[in-house]
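Step one of this worksheet: look at the structure below.
Coordinate-derived values only; no laboratory data. Given the structure is predicted, the values throughout are model-derived calculations rather than measurements. A quick note on method: Cβ atoms are made from the backbone with ideal geometry, for glycine too, and the neighbour counts reach across all protein chains shown.
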Number of protein chains: 2
Amino acid sequence: MGESERGNATREHILTTASAMFGEAGYRGASLRDIAARCGLTHPGLLYHFPTKAGLLEAVLQRRDEADIRDAGPGATGLEALNNLVEVARHNSKTRGLVELFATLSAEATAPDHPAHAYFVARYERVVGEFSQHFVELQAEGNLREGVDPQAAGRQWVALMDGLQIQWLLDESVDMAGVLDAHLKSLLA
Amino acid sequence: MGESERGNATREHILTTASAMFGEAGYRGASLRDIAARCGLTHPGLLYHFPTKAGLLEAVLQRRDEADIRDAGPGATGLEALNNLVEVARHNSKTRGLVELFATLSAEATAPDHPAHAYFVARYERVVGEFSQHFVELQAEGNLREGVDPQAAGRQWVALMDGLQIQWLLDESVDMAGVLDAHLKSLLA
DNA sequence: GTCTATAGAGTGATAGAC
DNA sequence: GTCTATCACTCTATAGAC
């Protein structure tokens, strides 16, 4: 429609590169010069497309959210949804950059003045809610073990994914999907 | 004995302050000038005691390890040891600085060239081993549920603690000890 | 769109006075 | 032990040429 039909190739290249480098070095650790150089640009060239560094980070996170929505099997619920999440973990261990991005930034953004702080507060609230919902559905299916609280199980699941990502980034022989799968099985009826 | 009897007051003050600020802002985010100012020093004054920033970080982590060893109830095993860990989580929510230090640095140190990278690789190997050992003991006591792998349970426990710390730092109403306790109960025979 | 050049601030570290 | 002054470098961002 009215949007620019072409010319976003550079923009896309910058977003992809910035995503990788924010993951590797964190937001503070990755400089605009480094990111621009890996795109074959100078840093003022990059700033033409994204006028501020914080704006670039925002765009990176926003694009990831859009990709997440595309990737999430739209209809899955309960056990099927949770099994899908184990598969997501298995798939993540093939894209180190993405794991780095969220593991590094969610810790860095713990500081209240970080440009992505509000984003991560909102993201965790949303994700914990979604995962808890899957356990509610699991319970309705009759597949949740007696005495397990769906809300706590949802929060546990998010924590487990985050913690395993750190362990995997420090030592890639850690089997994220295997540990998650074992955890899921221990919660089934 | 042969060690300097007094004069370490400044050194201790620097270590305490640096520990807090590395937690709040990360290693990269906390500058020597900031740390020194909060100690009532200039940054060359600080560098007299710790000649490099990486050396200061090393000293901060080393002092924490010594404190950890003091705090760990030396003899606890199995269920008693795991219950102690739930209490440690409850206590941690009263010392935000310490939680920040490890949550922030363990993500930052995921980068192979980070000055604390080797420290965290070794630390996780050690801690996962210790926690797994507690689950082996739990099994020997006959308190571990049928079909739960002690090694996986140890790794899960570490991941859960790390992930919960991030959630708690983003929203202090998250009940770290409560979620851990629920997890432990779900693993008992 | 992308560049060179530069402003203005911050960084870790050193030299040398006191 | 702690300071002032400074070095050499990096950072984000802007101005203005092409």
Taking the dipole about the Cα centre of the range B:1-149, with the C-beta of Lys and Arg at +1 and of Asp and Glu at -1, give me whichever of B:76, B:114, B:128 is farthest to the positive side.
-> B:114
Per-residue HN-Hα couplings for the range B:136-147 [Karplus 6.51, -1.76, 1.60; θ = phi - 60°; Hz; x = Gly/Pro] | 4, 5, 4, 5, 4, 6, x, 9, 8, 4, 4, x
Distances in nm from residue A:63 to the matching label points in the other copies, shortest first (labels 7 Å along Cα to Cβ) = 4.3
Rg (one decimal) and Dmax (whole number) from the Cα set of the protein assembly as shown, in Å, equal 22.3, 80
Who wins for biggest fluctuation among B:36, B:59, B:67 in a Gaussian network model of chain B, springs between alpha carbons below 10 Å?
-> B:67
Pick from A:134, A:117, A:49: which residue has the top mean-square fluctuation in a GNM of chain A where Cα pairs under 10 Å get a spring?
-> A:49
On average, how many beta carbons from a partner chain sit within 10 Å of the beta carbon of a residue in A:21-29?
-> 4
Under 5 Å between amide H atoms, partner at least 5 residues away or on a different chain: which partners does residue B:144 have, H built in plane at 1.01 Å?
-> B:139, B:189
Crossing angle, helix B:78-92 versus chain B [Cα axis fit, 0-90 degrees, rounded to tens] = 40
Nearest 20 debye, what's the magnitude of the dipole of the range A:35-164 about its Cα centre given +1 on Lys and Arg Cβ and -1 on Asp and Glu Cβ?
-> 560
Partner chain coverage, peptide B:102-108 - average Cβ within 10 angstrom | 6
If labels are modelled 7 Å from Cα along the Cβ direction, residue A:94 lies from its partners in the other copies at nm distances, smallest first, of 4.9
Restricting to Cα pairs under 8 Å and 6 or more apart, the percent relative contact order of chain B works out to 22
Scattering from the C-alpha atoms of the range B:54-189 alone, worked out with Debye: what is log10 I(q)/I(0) at q = 0.09, 0.12 1/Å?
-> -0.28, -0.50
Quick one: dipole size for the range A:88-189, taken about the Cα centre, charges +1 on Lys/Arg Cβ and -1 on Asp/Glu Cβ, in debye to the nearest 20.
-> 140
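Taking every residue in A:147-155, how many Cβ atoms of other protein chains lie within 10 Å of its Cβ, on average? Mind dumping the intermediate values first?
Working: counts 3, 4, 4, 0, 2, 7, 4, 0, 10.
Partner Cβ neighbours, averaged per residue: 4.
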What are the nm distances, shortest first, from residue A:34 to its equivalents in the other copies, labels at 7 Å along Cα→Cβ?
-> 1.7
